[in-house]
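Shown next, in structure tokens, is the structure this report addresses.
The numbers here are math on the coordinates, done by the rules we state, and not lab data. Every value quoted in this text rests on a predicted model; they were computed, and no experiment measured them. As a convention, Cβ positions derive from the backbone with ideal geometry for all residues, glycine included, and neighbour counts pool all protein chains shown.
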Amino acid sequence: MRKVKATSGATGEEFEALKKKAREMGATTKFSASDSAEALNYMALAGWDSKQMMEGLSGVMDLAAASGEELGAVSDIVTDGLTAFGLKAKDSGHLRTF
């Protein structure tokens, strides 16, 4: 999560919410909290703010689980795809329909 903090610039409550989300996803999905943090870092590298990262993580994880690909790689692909289609982070789960 240190990378996420440095890359995103999230502080205080925003960073705590991101940490909580990564832990939650690590506890409730096939991916670990570390995997979740890697995905969040790719989102931050794409310029997503904390709110977008929180909205997009579930969809990215669903796509990664369905494809069998690494979560970080899928996060990178999704952020690029959403930008290309002019979609928002909350639409991340819909990329599988394209």
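Among Phe85, Phe15, Phe31, the order by Cβ neighbours within 10 angstrom, fewest to most, reads Phe85, Phe15, Phe31.
Taking neighbour Cβ counts within 10 Å as the exposure measure, how do Glu70, Glu14 sort from fewest upward? Working shown, then result.
Details: Glu70 14, Glu14 17.
Fewest-to-most ranking of Glu70, Glu14: Glu70, Glu14.
For the chain, the alpha-carbon coordinates run over 37, 28, 17 Å along the three principal axes, in decreasing order.
In this structure, Ala65 and Lys3 have a Cβ-Cβ separation that, at R0 = 22 Å, corresponds to a calculated FRET efficiency of about 0.45. Legend: helices of the chain (whole DSSP H runs) are marked when their alpha-carbon atoms reach 20 angstrom or more along the helix axis and their mean Kyte-Doolittle hydropathy is at least -0.5; marked are 50-67, 71-85.
Under unit Cβ charges (Lys, Arg +1; Asp, Glu -1), what dipole magnitude, rounded to 20 debye, does the range 2-97 have relative to its Cα centre? Mind dumping the intermediate values first?
Numbers: 12 positive and 14 negative charges, 45 e Å.
Value, rounded to 20: 220 debye.
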